[in-house]
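Peer 1: Would you mind keeping the following structure in view while I ask a few things?
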Amino acid sequence: MVKVRPTLLRVPASVPGGRSPGTASLARNECPFGLLPAVARVLAAANAATSRYPDPHATGLVGALAAHLRVPADRIAVGAGSSEVCSQLLHTVVGPGDEVVFGWRSFEAYPILTMVAGGAPVRVPLARKKLDLDAMARAVTHRTRLIFVCNPNNPTATALDASALRAFADRVPTEVLIVVDEAYREYAAATAVPDALALLGDRPNVVVMRTFSKAYALAGLRVGYCVGPAELIAEVRKAQLPFSVGALAQDAAVAALGERAEVARRVGLTLLERERVMSDLHELGYPVPSSHTNFLWLPLREASSAFTEFCLNRGVAVRGFPGEGVRVTVGLAAENSAFLALAADWTAARRFTGR
Ligand SMILES: *Cc1c(COP(=O)(O)O)cnc(C)c1O
């Protein structure tokens, strides 16, 4: 019998749950508008180069990101989605038994990738649906190597402001890496939610992580990146799986960066829909917190699983977290309306049965 690392026995296997045709997919926070036009053109062009290995250093993509972000290229590392970037960061600083602190609930990948890397996850409960930075700073011990700060937070859609984030970074010892995960940056108002790169980008222990999977509509091609101090990034690059970002993914991400206006237009549509769905949910009596993302959080507690199943049986896939709440992605207007109709049916049915 092969001896498997005990840590993996504590990692839950991911359950297959594909999409079914005809079901509105509001469960994965994807962009509902399809490929950006420039990306569609790149992918449609016959690309003989994919019979060869891609550029392992993603030179073109890193250069385009450097220009886009106005930072030197040696401060950027890329990966197959920001999920791989998370894993690279963990493998850069976490040894067996080292602690990784994050809010909970937050991005599901944090505890899994931490355990796969051999680290010990430390989950710090949210306070009023927000990351409790005070408690997170207090959770830091001599074993802590990395802290994930998901801002805005998935799945609660809440965000931290600049002064809270700066004060937190001031408190954390500089030998502990702070990773600010900004997967939803594009959906947050610049006035309400700080750009961590602008706010903390000059710190020796801060890395800002972003992705092409959400506002750039490239979830299927797997491209993410992080920006940090050049010395650390040189190590993070070593922890990437060789060639993990494919040739088409690199080209598509460069094309996507060029679509600034279209990305902004789509984000604008999503924000209008987000406010419509939220105000309708409020009218129906759902206590939905303000969202700084492309999804909404319904804190339905014990009713979460039943609500999720109720929606799925009627053609709308949402993401339920049993006992906690339901996360609903803002999709196309028709999908959102279909969801709102179900949310109204749900409250009507419960009022009728007196529950
Ligand atoms: C969706 C998401 C990501 C992005 O994951 P990819 O691997 O880039 O697709 C990262 N962080 C959070 C919090 C997310 O919700």
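Peer 1: Run the numbers on the chain and let me know its relative contact order in percent, using alpha-carbon pairs under 8 Å that are six or more apart.
Peer 2: Details: 643 pairs, mean separation 81.6, N = 355.
Averaging sequence separation for qualifying contacts and normalising by length gives 23 percent for the chain.
Peer 1: If you roll a 1.4 Å probe over the heavy atoms of the protein chains, what accessible area per residue do you get for the chain, in Å²? Working shown, then result.
Peer 2: Details: 16250 Å² over 355 residues.
It amounts to 46 Å² per residue over the chain.
Peer 1: Helix-derived [θ] at 222 nm for the chain: sum -39500 (n - 2.57) over DSSP H runs of at least 4, divide by residue count, nearest 500?
Peer 2: On the way: 13 runs with 140 residues, N = 355.
Helices in the chain give a 222 nm mean residue ellipticity of -12000 deg cm²/dmol.
Peer 1: For the range 220-283, with all protein chains present and a 1.4 Å probe, just round the carbon and sulfur fraction of the accessible area to a whole percent. Don't jump to the answer; show the numbers that get you there.
Peer 2: Numbers: 1810 of 3050 Å².
Here carbon and sulfur together make up 59 percent of the probe-accessible area.
Peer 1: Now for a separate question. Given a Förster distance of 45 angstrom, what is the FRET efficiency for R351 paired with R52, based on the Cβ-Cβ distance and rounded to 0.05? If you can, show how the numbers build up before the last one.
Peer 2: Details: r = 62 Å, r/R0 = 1.38.
Computed FRET efficiency for R351 and R52: 0.15.
Peer 1: While we're here: Could you tell me whether the range 148-257 comes out rounded, prolate or oblate from its Cα gyration tensor? Rule is a ≥ b ≥ c as square roots of the eigenvalues, rounded for a/c under 1.5, then prolate if a/b exceeds b/c, otherwise oblate.
Peer 2: Details: a/c = 2.34, a/b = 1.29, b/c = 1.82.
It comes out oblate by the Cα gyration axes.
Peer 1: Report the gain in length on full extension from R123 to T174: 0.36 nm times residue separation, minus Cα-Cα distance, nm rounded to one decimal.
Peer 2: Numbers: separation 51, 0.36 × 51 = 18.36 nm, distance 2.08 nm.
Extra length available between R123 and T174 comes to 16.3 nm.
Peer 1: As a test of the definition: which semi-axes, in Å, follow for the chain when you take the square root of five times each eigenvalue of its alpha carbon gyration tensor? Largest first, please.
Peer 2: Details: eigenvalues 202, 133, 84 Å².
Ellipsoid half-lengths, sorted descending, are 32, 26, 21 Å.
Peer 1: Compute the distance in nm between two label points, each set 7 Å from the Cα along the Cα-to-Cβ direction, one at A334 and one at A306.
Peer 2: A separation of 3.2 nm, rounded to one decimal place.
Peer 1: Let me ask something additional. Can you give me the Cα centroid spacing of the range 42-108 and the range 327-351 in angstrom?
Peer 2: Centre-to-centre distance over Cα atoms comes out at 35 Å.
Peer 1: So, one more: Quantify how much of the Cα-Cα distance distribution of the range 1-92 extends past 17 Å, in percent. Walk me through the numbers before you get to the answer.
Peer 2: On the way: 3185 of 4186 pairs.
In whole percent, the long-distance tail amounts to 76.
Peer 1: While we're looking at this one, here's another question. Measuring from label point to label point, each 7 Å out along Cα→Cβ, what is the D161 to E283 span in nm?
Peer 2: Modelled inter-label distance: 3.0 nm.
Peer 1: Roughly how many nanometres apart are two label points built 7 Å out from the Cα toward the Cβ at D202 and A45?
Peer 2: So the label points at D202 and A45 sit 4.0 nm apart.
Peer 1: Pulled fully out, how much extra length does the chain show between V11 and H142, if you take 0.36 nm times their separation in residues and subtract their Cα-Cα distance? The partial results should precede the final answer.
Peer 2: Values: separation 131, 0.36 × 131 = 47.16 nm, distance 2.46 nm.
Length difference between fully extended and current span is 44.7 nm.
Peer 1: Can you tell me the relative contact order of the range 150-263? Whole percent, Cα pairs under 8 Å, sequence separation 6 or more. Working shown, then result.
Peer 2: Numbers: 128 pairs, mean separation 23.9, N = 114.
Answer for the range 150-263 is 21 percent.
Peer 1: Provide the per-residue ³J(HN,Hα) series for the range 204-218, in order, calculated from phi with Karplus coefficients 6.51, -1.76, 1.60 and θ = phi - 60°, each as a whole number of Hz, with x at glycine and proline positions.
Peer 2: Result, ordered by residue: x, 10, 10, 10, 10, 10, 9, 9, 8, 6, 9, 4, 8, 6, 10 Hz.
Peer 1: Further question: Show log10 I(q)/I(0) for the range 202-285 at q = 0.10, 0.11, 0.12 Å⁻¹, two decimals, from a solvent-free Debye sum over equal Cα scatterers.
Peer 2: Relative scattering, expressed as log10 I(q)/I(0), comes to -0.41, -0.48, -0.55.
The values are calculated or read from the model by the stated rules, or taken from the named source; none is laboratory data. All of these numbers come straight from a predicted model, not from anything done at the bench. No Cβ is skipped: glycine too gets one built from the backbone with ideal geometry, and neighbour counts run over all protein chains shown. Surface areas here come from the heavy atoms of the whole protein model, side chains and all, with no ligands, DNA or RNA. Shrake-Rupley method; radii C 1.70, N 1.55, O 1.52, S 1.80 Å.
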